[in-house]
1. Within region 1-44, restricting attention to residues that are surrounded by 12 or more Cβ atoms within 10 Å (Cβ to Cβ) and among the β-branched types (V, I, T), which residue is modelled with the lowest pLDDT?
2. Quick test for you: out of E96, E54, E69, pick the one residue that is over 14 Å from the mean Cα position of the chain (by Cα) and at pLDDT 90 or above.
3. Any chance you could count how many residues in region 105-129 are modelled with pLDDT of 65 or more, surrounded by 11 or more Cβ atoms within 10 Å (Cβ to Cβ) and of a type outside the set (A, V, I, L, M)?
4. Looking for whichever is surrounded by 11 or more Cβ atoms within 10 Å (Cβ to Cβ), among the acidic types (D, E) and either farther than 27 Å from S4 by Cα or at pLDDT 90 or above (or both) here; the options are D49, D62, D102, D75. Which one fits?
Amino acid sequence: MTDSFTALAKKLRQTSTDAERRLWKYIKAKKLAGLKFRRQVPIGDYIVDFVCFEKKIIIEIDGGQHSEEVNKINDNNRTAWLEGRGFKVLRFWNNEVLKNTDGVWEVIQRNCEYPSPQPSPARGEGERP
């Protein structure tokens with residue numbers, strides 16, 4: 001990861017959309033079952049809006065530009081790449097977060113209730129190289 005990529009993630013944290021700020025109020029400070037979410041985190045060649053590494057859940061908040069065909073393709077490729085690394089990607093539209101925050105929150109909670117898709121082995125039980 002380059003310094004400019006890290007700087008971009010920092011800038012995105014400072015210039016969050018209204019929907020991102022609203023959702024962040026719900027999930028920051030371990031408000032969801034004690035789970036830690038981080039925002040605007042670089043993963044591979046992408047910067048994801050929110051991630052919980054413990055549950056391997058990524059939350060993406062999309063604006064209207066994501067309905068354009070080229071962006072749909074890019075989003076599908078991005079989602080496939082992230083899912084290929086064991087993450088579950090939850091996508092919501094900005095207006096969903098702003099107008100139905102409780103409904104979005106319920107979906108996130110429901111997805112966080114289940115064990116992570118690829119749980120880490122218990123201490124001392126993982127394979128050794």
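1. In this case the residue turns out to be T6.
2. After applying the criteria, what remains is E96.
3. Residues that pass the stated criteria total 5.
4. D49
The values are calculated or read from the model by the stated rules, or taken from the named source; none is laboratory data. These numbers come from a predicted model, not from an experiment. Cβ atoms come from the backbone with ideal geometry, glycine included; neighbour counts cover every protein chain shown.
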